[in-house]
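The values are calculated or read from the model by the stated rules, or taken from the named source; none is laboratory data. Model, not experiment: these values are computed from the prediction. Neighbour counts run over all protein chains shown; Cβ positions are idealised from the backbone, glycine included. All accessible areas refer to the heavy atoms of the entire protein, side chains included, with ligands and DNA or RNA removed. Shrake-Rupley method; radii C 1.70, N 1.55, O 1.52, S 1.80 Å.
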Amino acid sequence: MVSFTGSTGAGVQVSQAAAPTVKRVTLELGGKSANVALDDADPVLVAKKSIGACFQNSGQTCSALTRLIIPKSMRDDVCEIISARVSGYTAGDPLADGTRCGPMVSEKQQKSVEAYISTGIREGATLLAGGEGMPEGLDSGYFVKPTAFADVTPEMTIWKEEIFGPVLVITTYESEEE
C-alpha cells in the first residue's frame, strides 16, 4: 500500500510507479479549501478565524482554508481587519518571538507562491496586504510576504489553483442560494 499527500503531478508519478506491481495507492492531492461565512456571522470573528485557518504553517497545510467567501455586506469590515492584521505579520525564523510566518519548504515552492501573487496582481485582484518580493528585513531564505487579496473572481488563477503558501483570497456573494 502506498499513501501519498501532495500535488496532482506528483500523484500521477506515484500511481505510475505503483502500477507495474499493482500496488494499492491512496492519494490526497491538491485542492482549494473554501471557508464560507454566512450573513449572521460576526465580521471580526470571521476575519480573525480566517487568518488563522489560512496562515497556519505559513499556508503549507492541506487543510488550509485559503478561499474566503463572505456576504457582500460584510466585505469592507472583513477586508479592513484582514488587511491590518496580515500587514502586521512578521515573516522570519519561526522560532523567534514575534514571527508569524516562516519560510516556504523550498526555493521551488517560494518561486511558485511568488508567481501566484504576481498572477493575482496581474489578473486584477485587489491586494490588501503583502505582495511581491521578499518580506521586509529579510534578504535570504525561502520567504514570501503573507498576502491577502479581495475582489477575487472564480475565473482568476488564484481562486482556482492551490497556492500552498501564505495567501488568502476573498470573494463575496449576494445570497446563500448563489
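Details
- Criterion: over 23 Å from Ala47 (Cα atoms), in contact (Cβ under 8 Å) with a residue 24 or more places away in the chain, surrounded by fewer than 18 Cβ atoms within 10 Å (Cβ to Cβ) and out of contact with any helix residue (DSSP H, G or I) (no Cβ under 9 Å at 6 or more places or on another chain) - qualifying residue of Gly137, Gly141: Gly137
- Filter result for Ser58 (of a type outside the set (A, V, I, L, M, F, W, C), open to solvent by less than 30 Å² (accessible area, probe 1.4 Å) and farther than 23 Å from Asp151 by Cβ): yes
- Of the listed requirements (1) at positive phi; (2) over 14 Å from the mean Cα position of the chain (by Cα), Lys108 misses just one: (1).
- In the range 61-81, residue least open to solvent (accessible area, probe 1.4 Å) [restricted to those that are of a type outside the set (S, T, N, Q) and over 22 Å from Glu176 (Cβ atoms)]: Ala64
- Evaluation of Met74 against (1) in a helix (DSSP H, G or I); (2) under 21 Å from Lys160 (Cα atoms) (one fails), failing number: (2)
- In the range 66-91, the residues that are more than 27 Å from Gly102 (Cα to Cα) and touching a residue at least 24 places away in the same chain (Cβ under 8 Å) reach residues that are surrounded by 16 or more Cβ atoms within 10 Å (Cβ to Cβ) and of a type in the set (S, T, N, Q) with C-beta atoms within less than 7 angstrom, at least six apart or across chains, in these pairs: Ile70/Thr172; Pro71/Thr172; Lys72/Thr172; Arg75/Thr172.
- Within the range 157-178, residues that are free of Cβ contacts under 8 Å to residues at least 12 places away in the same chain reach partners that are open to solvent by 30 Å² or more (accessible area, probe 1.4 Å) with beta carbons closer than 9 Å, at six or more positions or on different chains, in the pairs Ser175/Asp39.
- Residues of the range 6-55 that are open to solvent by 80 Å² or more (accessible area, probe 1.4 Å) and either acidic (Asp, Glu) or in a strand (DSSP E or B) (or both): Glu28, Val36, Asp39, Asp40, Asp42.
To keep it simple, each residue is scored yes or no on (1) under 13 Å from Tyr89 (Cβ atoms); (2) at pLDDT below 95.
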residue: Ile117; (1), (2): no, no
residue: Lys145; (1), (2): yes, no
residue: Phe149; (1), (2): no, no
residue: Lys160; (1), (2): no, yes
residue: Thr171; (1), (2): no, no
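- Within the range 148-175, restricting attention to residues that are surrounded by fewer than 18 Cβ atoms within 10 Å (Cβ to Cβ) and of a type in the set (S, T, N, Q), the residue that is farthest from the chain's Cα centre (by Cα) is Ser175.
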